[in-house]
Amino acid sequence: MSAQNHLLLLRHGKATSYAEAPTDFERPLRASGINAIRIMGQWIRDAGLVPDAILSSTAVRAEATARLAAEAMGLDQSKVEWEPRIYEATLQALLYVLAERGGTHSRVMLVGHNPGMEWLTDFLAGGFQDPSEKRFPTAGLGVLELEHSWDDLKVGCARSVRVIRPLELVPD
């Protein structure tokens with residue numbers, strides 16, 4: 001068993017409607033999505049969870065999310081890596097991406113989309129949750145402590161799972 005790894009799963013920020021872009025892939029972030037990602041990035045920095053690397057979907061809204069989050073965390077943009085397989089990924093595809101790209105990093109952030117973020121969280125946590133429950137709202141962040149190396153992720157290998165929702169971080 002390897003040393004403990006941390007996986008941060010950041011769902012992209014709120015995007016424009018489907019009618020406002022030529023394709024789903026090209027949908028940009030709304031102003032509210034930009035703000036939520038900046039808040040989440042600052043929270044990650046303040047919590048001491050800045051990743052060694054960010055693996056991001058290449059969809060427009062995910063790329064913007066990764067860039068904004070890195071900026072808010074004070075992380076150099078060279079730490080952001082683009083991974084087209086994250087867009088519309090299956091659980092197996094996400095596991096392959098982590099196995100191939102996790103490398104020697106102890107903390108990796110994956111920026112992507114639902115339902116993949118929820119599937120990956122459920123798999124690593126060892127239990128499939130109620131599919132009607134939306135655990136990853138836009139700009140939602142999952143923080144997982146993993147007992148295995150990136151190339152050996154198994155069902156239930158996450159020792160702790162926490163999902164932070166942007167609304168939890170906004171003062172009343």
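The long axis of helix 60-73 is offset from the longest Cα principal axis of the chain by roughly 70 degrees. To the nearest ten degrees, helix 116-125 and the longest principal axis of the Cα atoms of the chain are 30 degrees apart. Note on the chain: with a GNM built from Cα contacts shorter than 10 Å, the maximum mean-square fluctuation among Glu100, Glu26, Glu83 falls on Glu100.
Binning the C-alpha pair distances of segment 39-107 at 5 Å intervals from 0 yields a P(r) profile of 3, 18, 25, 24, 20, 9, 1 %, listed from the shortest bin outward. May I ask which residue of Leu98, Gln77, Leu55 lies farthest towards the positive end of the charge dipole of the chain, with charges of +1 (Lys, Arg) and -1 (Asp, Glu) on Cβ and the Cα centre as origin? Among Leu98, Gln77, Leu55, the one farthest towards the positive end of the dipole of the chain is Gln77. Potential lengthening of the chain between Lys79 and Glu168 amounts to 29.3 nm, from the contour at 0.36 nm per residue minus the alpha-carbon distance. Sequence-ordered 3J(HN,Hα) estimates for segment 20-31 from the Karplus curve with 6.51, -1.76 and 1.60 and θ = phi - 60° stand at 8, 9, x, 9, 4, 4, 8, 5, x, 6, 7, 4 Hz, glycine and proline given as x.
Taking the Cα atoms only, what angle lies between the long axis of helix 91-101 and the longest principal axis of the chain, rounded to 10 degrees? Once rounded, one gets 80 degrees. Considering only beta bridges that DSSP places wholly inside segment 5-169, some 50 percent are antiparallel.
Every number in this text was worked out from the coordinates using simple rules, so none of it is lab data. These figures come from a predicted structure and were not determined experimentally. For neighbour counting, all protein chains shown are included, and Cβ atoms are generated from backbone atoms with ideal geometry for every residue, glycine included.
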